[in-house]
Amino acid sequence: MQLVKSIILKKIKTLHCLLLVFALLFPAVFLVLAAQDNSPNSRYGIGDLAPSTNINTRAMGGISAGYIDYRTINFANPASYSFFEANPEARSRKLANGRAVLDIGINLESRTLRETNPARKFTAGNLLFSYVQVSVPVKKNWGISFGLRPVSRVSYKIFSAERLKDPLTGLPIDSVTTLYDGDGGSSLATAGTGFKIFKKTSSNKLEESLSVGFNAGYYFGKRNSSSRREFRNDTVQYFSGNFETKTNYNNIYLAGGLLYVKPLKKENMFFSAGVYGSLKQTLNATQDRIRETFVYDLTLGDLRLDSVSDIKDIKGKVVMPASITAGFLVQQYPDYAKRKGGWLVGIDFAYQNWEKYRVYGQADSLRNKWEVRIGAQVNPVPGQNYFKNVEYRWGFFFGPDYVNIRQKLPQFGVSMGLGLPLKYVRNAPNQTTVINLAFEYIKRGNNDNLLKENLFRLSAGFSLSDIWFIKRKYD
């Protein structure tokens, strides 16, 4: 029997398919990001923050600092890239050296806004791109990953009508209507690496290890906002005014993380703790500022009458605050050979210093954001029944939102999810395909706030992985 190392054509074709899918997704990304709903809170800061973790951890309240799963990509903590290999049970039987993963996610959102005085309600739904991520093992204990994901969305349209009063007599004089309109958002394209800097073999089939990882990428976005004001008077004709600002920003992005894994005495059980985050990031920005009068034409839309001020390409900076997330979890891997189930439970604490956020030197109505995340997962005893092979996840999180209008905006969310494995292919036994689902209900604001918001989000992820660089034996 001869031992040979071979690179299989099937693996090369798989990589080509991954790259093709990634390339084809780029135009779809920007089309989906153009979807509109009405979230007045997105008027502040960089907009509504998109989920920053993968769909697995999203179903568990967002715990991600110490999370490891060989079938998906924990892009929140790049130190986890050092674990792009077969699961511990398979590794103990020397089945493989590494596992490549393609992970794609989408979100279906339904948002309901409620105003208390007067009592009004608005509901909107959107199908949105969540992320696309590819991971490749370089060698044992060292992996790389790259991908693209949205960071925030700006989408609001607010109509205001009021009656102006004479400052001397207090009598009403003119009516004025204002339309506040905004759109945009930001995205992040990253490439990262993670590797183990310390490891020690344990009798528990697991290794004690310390990993470090880094993400570098390109952060880019835009924000368009306008205020269109129209005065109404029976005897005097006023021209409508438009106050519009268009901002584009981009720069290199850097982040890092650490991940420590410690096997426990019980077989297949370990403790892991992690921390990740980024320092303050300064983005380069250009801005167009338009101040004009206009009239509305039924055929042509808004037509400029006079340009009061039209200044383009104003250079400036957008300062993004530092952030840090730390947490730990205890996990027991399922043992398929002994038909034993598994579980995990974890907790994270996240903090971001949004009071340091600046746009062209100006602060915004923001406050520092912190969040506590708690989650769990159960793997039933593997068996012939399909639902015994499904992973069941639960979690919740709480903490104030970073928007601060008059008073803090409390936020609370609960989540649950499923990991649905697909049947193995007979001629590709090393391939693993999992459909991950996450259901989230998020409540933002209470009766003390001007506006309350309920968000229901259904996230679906498709995770395809295959073992690479296998040593094959031939007779």
Q | Residue-span extension gain [residue 298 to residue 158] - 0.36 nm each, minus C-alpha spacing | A | 48.3 nm
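Please get the size of the charge dipole for the stretch 309-391, origin at its Cα centre, with Cβ charges of +1 on Lys and Arg and -1 on Asp and Glu, quoted in debye to the nearest 20.
Numbers: 12 positive and 8 negative charges, 36 e Å.
Charge dipole, the stretch 309-391, about its Cα centre: 180 debye, nearest 20.
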Q: Please give the length that would be gained between residue 226 and residue 127 if that part of the chain were fully extended, namely 0.36 nm times their separation in residues minus their C-alpha to C-alpha distance (nm, one decimal).
A: 33.1 nm
(Q) Suppose each label sits 7 Å from its Cα in the direction of the beta carbon; what would the residue 356-residue 312 distance come out to in nanometres? (A) 3.6 nm
(Q) Between residue 462 and residue 384, what is the label-point separation in nm under the 7 Å Cα-to-beta-carbon projection? (A) 3.2 nm
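Give the peptides 258-266, 67-75, 182-190, 114-122 in descending order of average Cβ contacts within 10 Å, highest first. Spell out each step's value before the answer.
Numbers: 258-266: 17.7, 67-75: 24.4, 182-190: 20.4, 114-122: 10.7.
In decreasing order of mean packing, 258-266, 67-75, 182-190, 114-122 become 67-75, 182-190, 258-266, 114-122.
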**Q.** Two-site label geometry, residue 246 and residue 368: point separation in nm, points 7 Å out along Cα→Cβ
**A.** 3.8 nm
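Where a number appears in this text, it was derived from the coordinates with a stated rule and is not lab data. Computed from a prediction, not measured in an experiment: that's the story for all the values here. All Cβ positions, glycine included, derive from the backbone under ideal geometry; neighbour counts span all protein chains shown.
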